[in-house]
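Nothing in this text is a laboratory measurement; each read-out follows from the coordinates by a stated rule. The structure presented is a predicted model; accordingly, all values stated were derived computationally and were not measured. Methodologically, a virtual Cβ is constructed for each residue, glycine included, from the backbone with ideal geometry; neighbour enumeration extends over all protein chains shown.
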Amino acid sequence: MTAKTLGRNLEILEKYRKYADMAELRVDYLDPDERLLIRRFPELAGMPVILTIRRDSDGGLFVGGEGARISLMARGLAYAEADRRRNFAYLDIEEDLNVSSLEEAARTFGTRIIRSYHNIKGTDADLPVKIRSMRRSGDEIVKVAVMANSTRDVLELLCAGKECEGYEKVLVSMGHFGIYSRILSEQFGSLFSYCSALSESDAPPAAPGQIEIRELANLYRFRNITRATKIYGVTGYPLKATSSPSFFNTVFELEGSNAVYVPFPADSITDLIEISKELNVEGISVTVPYKEAIIPFLDFESDEVRVIGACNTLTSTPQGWLGTNTDARGFSDSLLTFLSKSNFKRQRVTVIGAGGAARSVVFELHRLGAKVLILNRTIHKARRLAAPYKFAWGGLDEQGIEKMEKYRDIIIQTTSAGMEGINPDNLSDDPVAMYNFCGREEVMDLVYKPKVTAFLKRASNAGCNILNGFDMLIRQARYQYTQFTGKEFPEHFLSRVQFGES
Ligand code: ATR
């Protein structure tokens with residue numbers, strides 16, 4: 001609870017009551033006058049409350065001296081009530097704070113101590129030692145919240161938790177890299193997870209990386225996660241916005257699966273693989289920039305992965321990691337359905353781009369009988385991609401564009417030009433601005449944000465049929481579901497599954 005007044009905190013608590021099992025009152029966020037009135041908060045809250053007054057050096061807002069802070073804690077514990085529900089259920093005391101009278105009072109009144117350690121800059125090297133040495137008596141809960149600046153930092157915390165099995169504790173990797181430590185808290189050995197009412201503008205997150213409470217409860221179904229829950233996820237970097245958790249978690253919920261799908265942002269694929277083993281992850285969707293980098297970690301792979309050289313689906317099997325590529329089938333299913341065709345025989349197709357996405361597209365076009373021209377800004381990459389298939393190639397220049405005259409039944413745009421979030425000027429990018437559509441081309445852009453790129457708009461204005469990459473995204477995810485679970489995708493749920501925008 002990080003609002004400025006107790007009244008506002010109670011309002012917020014009421015609104016989110018059904019998602020929370022307990023509340024943490026962050027006294028350091030309260031206005032100074034309000035801080036004097038905290039004693040009645042547990043009774044008004046009607047659920048177990050943690051009393052926390054965090055110093056600025058530990059990531060909190062309290063800037064007064066230690067004396068003032070201790071007095072406030074004492075005020076929160078004063079006049080213990082016989083009915084324990086009227087007392088704070090927990091008191092957060094930092095591991096370096098030594099005030100035995102306070103601890104004594106807490107124990108007498110049935111208030112449990114959370115012995116906490118924060119490092120807002122990084123993750124300490126000796127975490128297991130730290131965890132063991134922090135606890136001063138058996139009834140304390142140890143809380144360690146350390147900033148993860150890398151995937152390795154999260155791995156350190158996860159392993160420390162395993163080493164200290166049996167201790168009552170809460171371990172948090174703060175920041176974006178550690179987001180899944182807040183969802184898989186059971187697996188990290190934590191008693192509970194802290195989250196916040198982020199959608200209330202006056203209730204800021206109390207620590208970097210905190211998840212919105214409804215998202216934790218509804219999307220990730222936090223309360224259902226146990227050691228038996230199957231874990232899936234998506235990895236990439238920076239992985240700031242991904243709609244895959246929404247897709248998979250909704251399906252898991254609708255079919256009643258004990259499974260969860262989480263974001264695994266990773267700056268090192270090596271460390272992420274280690275974490276996946278520690279967490280017994282069943283399957284991982286692999287996205288930019290790791291579709292090629294993941295290949296050395298595969299124990300075996302599908303033909304598509306071998307030929308295309310890119311893998312977007314990692315599945316744990318008794319024989320190790322299996323790598324598959326569902327982008328390729330997702331693409332051809334989507335385009336063939338759009339064209340009402342079963343293959344690309346007699347179709348003359350231009351592919352714009354020669355990167356990872358283009359490789360999947362060209363593989364499928366070849367498999368299904370198309371004649372293809374590949375055009376790329378960097379011409380030698382077009383030549384290299386075309387060579388094994390004996391396809392035509394060229395640059396995104398006048399000569400290349402001229403070649404398109406003979407390959408224009410279908411035109412497929414695979415580059416990131418025109419994609420939202422690449423750079424501010426990018427939206428107007430049209431990689432074949434020199435090409436004049438005749439209006440009979442079938443035109444596909446793999447980009448789906450925005451729904452209509454500058455390239456698709458021009459094609460549509462000329463009278464062409466256009467298709468963006470959204471349908472392909474869903475289709476590749478359905479194949480991924482099958483790969484992960486061994487089951488057919490439950491098509492009847494599709495209309496209820498959200499995948500970002502449609
Ligand atoms: P992806 O996996 O998304 O295909 P990639 O492998 O990095 O990503 O490939 C990016 C592709 O988009 C390349 O074909 C790239 O052209 P270059 O090989 O010349 O770099 C192409 N690309 C990216 N931005 C582009 C732009 N503004 N105009 C034209 N091509 C662009």
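Quickly rank 351-360, 397-406 as a protection proxy: mean count of other C-beta atoms within 10 Å, highest first.
Details: 351-360: 24.1, 397-406: 14.7.
So the order, starting with the most tightly packed, is 351-360, 397-406.
If you take every residue apart from Ser71 with its C-beta less than 13 Å away from the C-beta of Ser71, what net charge results, scoring Lys and Arg +1 and Asp and Glu -1? Kindly include the intermediate steps, with their values, before the conclusion.
Values: positive: Arg35, Arg39, Arg69, Arg75; negative: Glu66.
Neighbour charge sum, excluding Ser71 itself: +3.
Ignoring everything except DSSP H segments at least 4 long, calculate the 222 nm mean residue ellipticity for the chain; use -39,500 (n - 2.57) per segment, divide by total residues, nearest 500.
Working: 17 runs with 158 residues, N = 502.
Result for the chain: -9000 deg cm²/dmol, rounded to the nearest 500.
Pop a pseudo-label 7 angstrom from the Cα along the beta-carbon direction at both Glu292 and Glu186 and give the gap in nm to one decimal.
Rounded to a tenth, the inter-label distance reads 4.0 nm.
Counting other beta carbons within 10 Å of each residue's own, what order do Lys449, Lys143, Lys121 fall into, fewest first?
Values: Lys449 17, Lys143 28, Lys121 10.
Neighbour counts put them in this order, fewest first: Lys121, Lys449, Lys143.
So how much slack lies between Lys487 and Asn465, counting 0.36 nm per residue of separation and subtracting their Cα-Cα distance, in nm?
Working: separation 22, 0.36 × 22 = 7.92 nm, distance 3.40 nm.
That works out to 4.5 nm of additional length.
Distance check, please: which entries in Lys345/Lys406; Lys345/Lys390; Lys406/Lys451; Lys240/Lys381; Lys18/Lys162 exceed 20 angstrom between their Cα atoms?
On the way: Lys345/Lys406 15 Å; Lys345/Lys390 16 Å; Lys406/Lys451 28 Å; Lys240/Lys381 29 Å; Lys18/Lys162 31 Å.
From Lys345/Lys406; Lys345/Lys390; Lys406/Lys451; Lys240/Lys381; Lys18/Lys162, over 20 Å: Lys406/Lys451; Lys240/Lys381; Lys18/Lys162.
Among Phe264, Val286, Thr317, flag the residue with its Cα farthest along the positive direction of the charge dipole of the stretch 226-336, charges on Cβ as +1 for Lys/Arg and -1 for Asp/Glu.
Phe264
Arrange the following residues from fewest to most other Cβ atoms within 10 Å of their Cβ: Thr5, Thr250.
Details: Thr5 15, Thr250 18.
Placing the least packed residue first, the sequence is Thr5, Thr250.
Would you mind ranking Tyr479, Tyr290 by Cβ crowding within 10 Å, fewest neighbours first? Mind showing how you got there, number by number?
Details: Tyr479 20, Tyr290 23.
So the ranking, lowest neighbour count to highest, is Tyr479, Tyr290.
Under 21 Å Cα to Cα from Lys457, which lysines show up? Leave out anything in the same chain fewer than 8 places away.
Lys449
When Lys and Arg each count +1 and Asp and Glu each count -1, what net charge do the other residues less than 11 Å away from Ala462, Cβ to Cβ, add up to?
On the way: positive: Arg440, Lys457, Arg458; negative: Glu441.
Net local charge, Ala462 excluded: +2.
With +1 assigned to the C-beta of every Lys and Arg and -1 to the C-beta of every Asp and Glu, and no other charges, what is the dipole magnitude of the chain about the Cα centre in debye, to the nearest 20? Each step should come with its number before you reach the end.
Working: 63 positive and 65 negative charges, 246 e Å.
Around 1180 debye, computed over the chain.
With +1 on each Lys and Arg Cβ and -1 on each Asp and Glu Cβ, how big is the dipole of the stretch 1-106 about its Cα centre, in debye rounded to the nearest 20? Present the calculation step by step, with values, prior to reporting the outcome.
On the way: 16 positive and 20 negative charges, 108 e Å.
Roughly 520 debye, rounded to the nearest 20.
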